[in-house]
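Below is one structure, written out as structure tokens, with a few remarks after it.
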Amino acid sequence: MKRIAAFMLLHACAAMAQEGWWMTQPLRWVQTNLRETDANLDAQRLIDQLTDFKANVLHFGMGGIAAYYPTKVPFHYPSPYLPKGRDLFGEVLELAHKRGIRVVGRFDLSKTRKEVFDAHPEWFFRKANGEPVVYNELYSTCINGGYYRDLGMKILAEALENYDVDGLFFNMFGNQSRDYSGTFVGHCHCDSCKRKYREMYGKDLPKEPDDDYRRFMFHCSREVAAEIGKLIRTKRPKAGYFNYIQEHTDGIMSESNTAVNRPLPLWPYASSDNVNRARNSEPTKMSVNLCMQFVDFPWRFATVPQQEIALRLWQNVAHGGAAAFAVNGTLDQQDMQAIQAAKPVYQWLAANEQYYVKQQSAAKVLLLGGSARLGRTLNTAAYRGVFRFLSEEHIPFAVSDNMDWLEKRDYDLVIATEWAPAELKTYLEQGGKVLVVSARPPELPVPAVVQTWKNVSGYFRVRNHQLLPSLKDTTIVMLNGDYTEVAGDGSDSLTFIPPSMIGPPEKIHTDMKETTKPGLVRSQIGKGRLVWVPWDLSVLYYKHSLPAHAGILRDLIADLMPERQIVTNAHPLVEMSLMRQGNRTLLHLINLSGHSQTAYFEPLPMRDIEVKLAGKFLKATAIRNRAALAVTDSGGRSRFVLPELKDYELIVLE
Ligand SMILES: [Zn+2]
């Protein structure tokens, strides 16, 4: 029954997303995020630059805050810098199409001028005290007001009727709670929001956003997204709909960016994370993960390291997404470093474009993300701990926020780092293997919870070196964080050691007490197997990178999934992704060794990387090295050696 329901849902989703140009062509996407002053730009020069860049999609300012064409819709204004009589968007569109470059028009309906606010104050975002949100003379609109829901549709209808656009993109969708300066404005208290919230929940808007409010905002933004999708498909059936959300769109937008106040460490897998998650949550949709060239909003013209830009672009395409790069203004930047870093990557991708289309993940491990749909958030540190571990171990994995796909693909193992939903039970009963790493009890049959120890500083005693061979040199591992104690005896694996004295040295742990409280729960559910680590193991690995913590993950994965897809001697800082493209298998290798602390340098060349890949292949070709690699049989696996990895390599297996 469940399987059938999921199948129907899948069918409905697949029918909604069109197999448009964004799925059938390799994408080399460039966004020129125009300022209003750019309305006088030299269109021919821009298109010549894009041609040289080998870009094939231009993401270009169209309307909303400022229109780049002579709009006739009331309360929609052309940029004050658009020369009288000029239709910049129309000119660019025509020149781009002549060169085979597609154009996606950018809209931002989240803010507009004071004239509109004066005429229609009911269309606008209201803070808790009733005041509007004003930033650089622009007033924030509310996603539930008439600007988005009525006037916005007229603006888009005009744009779609007059221009043969290849798609539309929307910025700032869904009532942002902070402005560009980071000032907190809270959530909207306008009459439309108050009324809609009362209709949905029978109560007043909360003072602080809670789970109900998050579901409300999710619902409201998706209502508008659905209307926009419908409008685009009616007016321009071949055009795509691109937005930062998974629902109702054709392309899922995301960004790899930096911000000066964001907590360290940097997340060098940002692009892999975004693209892997988008492509595997919605495999019928394209992932467009924009590589943002700037450091943070106050320094839009200051460029991040060139190697960071190149790394992000390689990660985008290695996981089956578009190459996507954004600059503010035109391609005549005051700092040209970003463009000079991205251009050779684009040119190489263009020369080898047959490999960068219609890729799907071939991974046999599924890592669960969060789910905005269900209002579930994710413990980022726990998620990243496992993400990084899998990458360092060269275990190909797909990330998904969407449980609908669970039964559609053949996974050997599912890993949950916080959220382990009840849907996994059916999967387990049918023979699935699940690893849950979280102090939060899974929604699955597990032993009775005794208590959750909060933020405890203790240890676990290693009692089973046969199960945990990576811990051969230790009988003790660190615990710092939450631990959920369950009924049972853990003497056959790991047992909890509660906090004991930590000083002076004469007293250290002299009162240490052993228990039989389990640090590991292993059970059979139907035909399947569940392993639950009821403490913050992956958070600890993310924060401290202790080999003992990695060892536990490695051994538990080996216990559940004895056969890995890839066996290799590659350094942990070589990221690999395994993709399928028709009859071909593609192995992407990305060299992350240039990353250290806040820096990205040239990666160190890696030599003689041996790979033994599950499956029989006759031919292996290293595309960037321009070399055929000898393939031999190694215990039923296909073995080959890559002589040298510089920044990136693609090995095509046939
Ligand atoms: Zn509102």
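Quick notes on this one:
- Length released on extending from S457 to A119, taking residue separation times 0.36 nm less the Cα-Cα span: 115.7 nm
- For the chain, the equivalent ellipsoid derived from the Cα gyration tensor has semi-axes of 44, 32, 23 Å, listed largest first.
- Of the GluC sites (Glu not before Pro) found in segment 192-283, none is in coil by DSSP with at most 14 other Cβ atoms within 10 Å of its Cβ.
- Each Cα pair under 8 Å and six or more residues apart adds its separation to the average, and for segment 586-654 the resulting relative contact order is 43 percent.
- Expressed per residue, the C-alpha convex hull volume of segment 475-545 stands at 118 Å³.
- Taking every protein chain into account, the accessible area of segment 174-239 amounts to 56 square angstrom per residue (probe 1.4 Å).
- Relative to the longest principal axis of the Cα atoms of the chain, the long axis of helix 337-351 lies at roughly 80 degrees.
- Relative counts (whole %) of C-alpha pair distances in segment 137-285, using bins that are 10 Å wide: 9, 32, 35, 22, 2
- Beta bridges per DSSP with both ends in the chain, % antiparallel, nearest 5: 60
- Rounded to the nearest 500, the 222 nm mean residue ellipticity of the chain from helices alone is -8000 deg cm²/dmol, with -39,500 (n - 2.57) taken per DSSP H run of at least 4 residues.
- Shape box of segment 542-654 [Cα atoms, principal axes, largest first, Å]: 42, 37, 25
- Segment 466-625: translational diffusion in µm²/s, Stokes-Einstein, Kirkwood Rh over Cα pairs, 10 °C, 1.306 mPa s: 81
- Stretchable slack from D335 to D410, in nm (0.36 nm times residue separation minus alpha-carbon distance): 22.3 nm
- With q set to 0.23, 0.25, 0.27 Å⁻¹, the log10 of I(q)/I(0) for segment 208-275, from the Debye formula over equal scatterers at the Cα positions, is -0.98, -1.02, -1.07.
- Using only Cα coordinates, the Kirkwood hydrodynamic radius of segment 566-612 works out to 12.1 Å.
- Radius ratio Rg over Rh of segment 114-219, counting only Cα atoms, Kirkwood formula for Rh: 0.99
- Long pairs among K616/K646; K127/K194; K154/K238, criterion Cα-Cα beyond 22 Å: K616/K646
- What segment 240-319 shows is 28 Å² of accessible area per residue, with the surface traced by a 1.4 Å probe over protein heavy atoms.
- The candidates H544, H595, arranged from most to least accessible area with a 1.4 Å probe in the full protein assembly, appear as H544, H595.
- Sulfur and carbon atoms: percent of accessible area, segment 129-256 [1.4 Å]: 47
- When the convex hull of its Cα atoms is projected in every direction, mean area for segment 319-422 (nm²): 9.7
- Using alpha-carbon coordinates, inclination of helix 191-201 to the longest axis of the chain, degrees: 40
- Straight Cα distances below 12 angstrom link K230 to the aspartates and glutamates D250, with same-chain residues fewer than 8 positions distant left out.
- Segment 402-525 shape via C-alpha gyration tensor axes, a/c threshold 1.5: prolate
- Residue-normalised accessible area of segment 373-464, given per residue in Å² at a 1.4 Å probe: 35
- Net length gained if the chain between A599 and A627 were fully extended (0.36 nm per residue, minus Cα distance): 6.9 nm
- Carbon + sulfur, % of accessible area of segment 520-654 - ligands and nucleic acids excluded, 1.4 Å: 52
- Loop-located trypsin sites (Lys or Arg not before Pro) in segment 514-599 whose Cβ has at most 14 other Cβ within 10 Å (DSSP): K527
- Nitroxide proxy distance, nm - points 7 Å out along Cα→Cβ at V73 and Q347: 4.0
- Each of K207, K114 has its accessible area taken with a 1.4 Å probe; listed largest first, they run K207, K114.
- The loop-placed chymotrypsin sites (Phe, Trp or Tyr not before Pro) in segment 567-654, going by DSSP, that have at most 14 neighbouring Cβ atoms within 10 Å of their Cβ come out as F601.
- Sites I508 and N569 - FRET efficiency at Förster radius 30 Å, r taken between beta-carbons, to 0.05: 0.15
- Folded to 0 to 90 degrees: helix 211-235 orientation relative to the chain principal axis, Cα: 50
The values are calculated or read from the model by the stated rules, or taken from the named source; none is laboratory data. Keep in mind that this is a model prediction, so the values were computed, not measured. All Cβ positions, even for glycine, are placed from backbone atoms using ideal geometry, and neighbour counts span all protein chains on display. Side chains included, ligands, DNA and RNA excluded: accessible areas come from the protein's heavy atoms. Shrake-Rupley method; radii C 1.70, N 1.55, O 1.52, S 1.80 Å.
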